[in-house]
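First up is the structure itself, then whatever we jot down about it.
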Amino acid sequence: AEVENQPFNEVLNKGLLLQSSTAISAYYEVGQSLNTDIFALKGENGLGTSFHLPFQTFANNNYPSSPAGFDVVATEGNTVVTITPSQDLVGHPAGTPFQVALPEAGSTYSARAADPSAAAHPVGTTVTSDKPVAITIHDDSANSSFFGVCYDLMGDQLVPDDLLGTEHIVVSGFLSPHDRLQILATEDNTTISVDGTAVATLEEGEAHEHILNTPSAFIQSTAPVAIWQTTGFGREFGGALLPHVECTGSKSAVFV
């Protein structure tokens, strides 16, 4: 209760600030015996003023009390956030923009889908702000009959629109029978190709689901996209935002 951003649809003060004298890696872990997940923190790359939110749309949330949602944290005082939901959120109808005033650095706002069904996930929701914010999405106890009776937590910290890309390489995990990708367009008339074959043309906020039935895939788009990969082991889900491969600037990585 001291750190979780609840109750939702209220302005709270639950932001956590991590600072270091030299570069570090960091993640937030839900470390219970069930429904665990790691949220990889993006540092400065997680801060921005315009976001399109990706979500999977094939697995329901098992508990009506915990539908999919997202959390916004301010990095500066007197930040105004504008949210345009693609689906109904608790207290806010789809398609109607609303504003949230975050008075302090560390002020937070948590939005939840109004329904736990997969079709109600707010994929394509946009968030803009007049000062940099960070956004985390969560998708708790996701369950699909396509994968059996198991259910699990998925979530990640996002990057803003200006750090999204047009070329992605995805490697299949061990989800049975196949991983799935939700490819979200940030601009109108975006063409998506998988391994050189065009599979969809999307308008801003629309998403294309791709079943990854190959060991890997090369995904190209004519404008930046956000790609959510649902992977895992057997029937246990995991999920994260897929990084693009353009100008990554690094030939090595540190992991824990």
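Length gain on complete extension for the stretch Glu76 to Val256, per 0.36 nm per residue less the alpha carbon to alpha carbon distance? Don't skip to the end; give the middle numbers.
On the way: separation 180, 0.36 × 180 = 64.80 nm, distance 3.02 nm.
Contour length minus the Cα-Cα distance gives 61.8 nm.
Given the chain, what percent of its DSSP beta bridges are antiparallel, to the nearest 5? Mind dumping the intermediate values first?
Details: 71 of 73 bridges.
Roughly 95 percent of the DSSP beta bridges within the chain come out antiparallel.
Alpha carbon centre of the stretch 146-191 versus the stretch 210-256: separation in Å?
Between the Cα centres of the stretch 146-191 and the stretch 210-256 lies a distance of 7 Å.
Taking only protein heavy atoms and a 1.4 Å probe, what accessible area per residue, in Å², does the chain have with all protein chains in place? It would help to have the intermediate numbers written out before the result.
Values: 12620 Å² over 256 residues.
Using a 1.4 Å probe on heavy atoms only, each residue of the chain averages 49 Å².
What distance in nm separates the simple spin-label points at Cys150 and Thr22, each placed 7 Å from Cα in the Cβ direction?
3.9 nm
Taking only the C-alpha atoms, wrap a convex hull around the stretch 170-219 and report its volume per residue in Å³ as a whole number. Kindly include the intermediate steps, with their values, before the conclusion.
Values: hull volume 3.4 nm³, N = 50.
For the stretch 170-219, the hull spanned by Cα atoms encloses 67 Å³ per residue.
Within the accessible area of the stretch 30-177, what % is carbon and sulfur when the probe is 1.4 Å and the other protein chains stay in place?
Values: 3180 of 5910 Å².
The nonpolar share, carbon plus sulfur, comes to 54 percent.
Please work out whether the chain counts as rounded, prolate or oblate from its C-alpha gyration tensor, where a ≥ b ≥ c are the square roots of the eigenvalues and a/c under 1.5 means rounded, while otherwise a/b larger than b/c means prolate and anything else oblate? Numbers along the way, then the final one.
Details: a/c = 1.30, a/b = 1.23, b/c = 1.06.
The shape class here is rounded.
Near the amide H of Gly173, under 5 Å away, which other amide H atoms are found, from residues 5 or more places off or on another chain, if H is placed in the peptide plane?
Asp179, Gly232
The values are calculated or read from the model by the stated rules, or taken from the named source; none is laboratory data. Since we're looking at a predicted model, the values are computed, not measured. So basically every Cβ, Gly included, is an ideal-geometry build from the backbone, and we count neighbours across all protein chains shown. We work out accessible area using only protein heavy atoms, side chains counted, and drop any ligands, DNA or RNA first. Shrake-Rupley method; radii C 1.70, N 1.55, O 1.52, S 1.80 Å.
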